[in-house]
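The values are calculated or read from the model by the stated rules, or taken from the named source; none is laboratory data. In this text the structure is predicted, and so the values were computed from the model without any measurement. Positions of Cβ are backbone-derived with ideal geometry, glycine not excepted, and every protein chain shown enters the neighbour counts. SASA here: full protein model, heavy atoms, side chains in, ligands and nucleic acids out. Shrake-Rupley method; radii C 1.70, N 1.55, O 1.52, S 1.80 Å.
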Amino acid sequence: MSTTPETTAASQAVLTAPAIQARKDGEKICCVTAYDYPSGMIADAAGVDVVLVGDSLAMVVLGHEDTLSVTVDEMVHHTRAASRGVRRALLVADMPFMSFCTVERALETGGRLVAEGHARAVKLEGGAAVAPQIRALTEAGIPVMAHVGLTPQHVARFGGFKAQGKSAEAARALIDDALAVEEAGAFSVVLEAMPVECAALITESVSIPTIGIGAGNVTDGQILVFHDVLGLFDRFLPKFVRRYAELGAAGREAMAQYCDDVRRGRFPADKNTFYMPEDQVAQVRKIKVKKKK
Ligand code: KIV
């Protein structure tokens, strides 16, 4: 493809929530999570459209069992760090568990993620039940990405990280949830871990983009967790993940090599070492050092 100044400008234009919303039925929307400056920078430089500071950071960065214990302060801290690495992509921050259980709390959390974290949109889990929060945030000027299906903040109610919408009745409920979040003003909706038939029905029913994770190849976009894409999270590998690199294994190998070099005296080498100017070497050798007893 030839690159004219217009196409270069268009491909580098900062992506906004309305620009992502306008991609319904258009070019697929590519999303990934990131949690700090380097991961934000890597995702952005690779041309990712939406960078989500997901509450999955509780598991893949902070080492918790699930996503429930990450705090608003931690989300603000990580969003702020990621924002320094993200130039073009839309930066979305997740609202953590119980931080949006009332409209007031939702406005407070959303306000902090935008004003202090520099997110340009927020994501929250839930369907019809959180429609008032979505409406209030949107009216306050904070674009909202919704999230239905396997919503990890409800893991206790689901009895584990289990796919949702597997029966016709369950699928109907998810469609209703997706319609409710659209009606409340969400600019897009994540569909997590559900049969492809259910994701296809939702994608046809709503006029906002659907972003799938474990929802088949029928959604308007896809999202994966940064550490899953790069092979940096080993605790489990969901069926819907494709690893594009094995950086965990490469990192362990590199660290073992470093330890070996230190132990065998091969690091630091000459080129990693500072030397004094010749005339100072003679002087420094004259310095008498008293050994401490
Ligand atoms: O927290 C997260 O990473 C998410 C995505 C997987 C959608 O919610």
**OP:** Among the residues of region 109-130, count how many are among the small types (Gly, Ala, Ser) and buried (at least 20 other Cβ atoms within 10 Å of the Cβ).
**Re:** 6
**OP:** Scan the strands (runs of 3 or more DSSP E) fully inside region 60-177 and keep the ones with 3 or more residues being farther than 30 Å from Leu247 by Cβ, in contact with a helix residue (DSSP H, G or I) (Cβ under 9 Å, 6 or more places away or on another chain) and modelled with pLDDT of 95 or more.
**Re:** 144-149
Original post:
Do the conditions hold for Val103, that is, is it among the hydrophobic types (A, V, I, L, M, F, W, C), more than 16 Å from the ligand (Cβ to nearest atom) and more than 21 Å from Ser83 (Cα to Cα)?
Top reply: yes
**OP:** Pull up region 241-289, narrow it to residues that are of a type in the set (Ser, Thr, Tyr) and surrounded by 10 or more Cβ atoms within 10 Å (Cβ to Cβ), then point me to the one that is farthest from the chain's Cα centre (by Cα).
**Re:** Tyr258
**OP:** Find the helices (runs of 4 or more DSSP H) located wholly in region 223-293 whose residues include 2 or more that are under 30 Å from Gly47 (Cα atoms), and list them.
**Re:** 226-229, 247-263
Original post:
Residues in region 178-189 that are open to solvent by less than 20 Å² (accessible area, probe 1.4 Å), assigned to a loop (DSSP other than H, G, I, E, B) and either more than 20 Å from Pro96 (Cβ to Cβ) or not assigned by TED's automatic domain parsing to the domain that holds Thr203 (or both): how many?
Top reply: 1
Subject >> Single residue of region 10-57 satisfying the filter (touching an Asp or Glu at 6+ places or on another chain (Cβ under 7 Å) and among the aliphatic types (A, V, I, L, M)) that is nearest to the ligand (Cβ to nearest atom) >> reply: Leu52
**OP:** Hey, can you tell me all the residues within region 135-167 that are in contact (Cβ under 8 Å) with a residue 60 or more places away in the chain and open to solvent by less than 50 Å² (accessible area, probe 1.4 Å)?
**Re:** Pro143, Met145, Gly149, Leu150, Pro152, Gln153, Val155
**OP:** Starting from residues that are of a type outside the set (Gly, Ala, Ser) and near the ligand (Cβ under 10 Å from one of its atoms), keep the ones in region 209-221 and report whichever is surrounded by the fewest Cβ atoms within 10 Å (Cβ to Cβ).
**Re:** Ile213
Original post:
In region 62-92, how many are open to solvent by 10 Å² or more (accessible area, probe 1.4 Å) and among the hydroxyl-bearing types (Ser, Thr, Tyr)?
Top reply: 3
Subject >> Identity of the residue in region 190-205, of a type in the set (Val, Ile, Thr) and open to solvent by less than 10 Å² (accessible area, probe 1.4 Å), that ends up nearest to the chain's Cα centre (by Cα) >> reply: Val190
